[in-house]
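What follows is a single structure, written as structure tokens, with notes after it.
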Amino acid sequence: MIKIEVYKHSDPTMAFGIYSTERSRLSGFRIWVHRDILQQMAAINFFKAGYYVKIRTYSKNEGTLKSAESLAHIVAESDSRKV
């Protein structure tokens, strides 16, 4: 199972503020997946425009992890004006 949470903020600064606050609480192994996507184990957090996005899975299955990463890329590359 993959869970995605999308939070709409009033402006990009607010979205970045939440992203940076939560990012500072993350610990452990980190991988830069996309220019502004941070993946830690089975969690991917990023912001785009006025949106903060969290993608989670508790699965360690390689296929599920790759699907979560693909979902992050799709969301990151989508047109935020259509959300």
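The values are calculated or read from the model by the stated rules, or taken from the named source; none is laboratory data. Values in this document were obtained by computation on a predicted structure and should not be read as measured data. When we count neighbours, we look across all protein chains shown, and the Cβ atoms used for this are built from the backbone with ideal geometry, even at glycine. To get the accessible areas, we keep the full protein, side chains included, count just its heavy atoms, and leave off ligands, DNA and RNA. Shrake-Rupley method; radii C 1.70, N 1.55, O 1.52, S 1.80 Å.
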- Item | Given (1) surrounded by 14 or more Cβ atoms within 10 Å (Cβ to Cβ); (2) in a strand (DSSP E or B); (3) more than 9 Å from the chain's Cα centre (by Cα); (4) modelled with pLDDT under 85, index of the condition TYR7 fails | (4)
- Message: If the requirement is being touching an Asp or Glu at 6+ places or on another chain (Cβ under 9 Å), farther than 17 Å from ASP79 by Cα, among the aliphatic types (A, V, I, L, M) and at pLDDT 75 or above, which of these qualifies: ILE2, ILE18, ILE55?
- Response: ILE55
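Got a number for residues in the range 47-81 being part of a strand (DSSP E or B) and either open to solvent by less than 40 Å² (accessible area, probe 1.4 Å) or hydroxyl-bearing (Ser, Thr, Tyr) (or both)?
Counting residues in the range 47-81 that are part of a strand (DSSP E or B) and either open to solvent by less than 40 Å² (accessible area, probe 1.4 Å) or hydroxyl-bearing (Ser, Thr, Tyr) (or both) gives 5.
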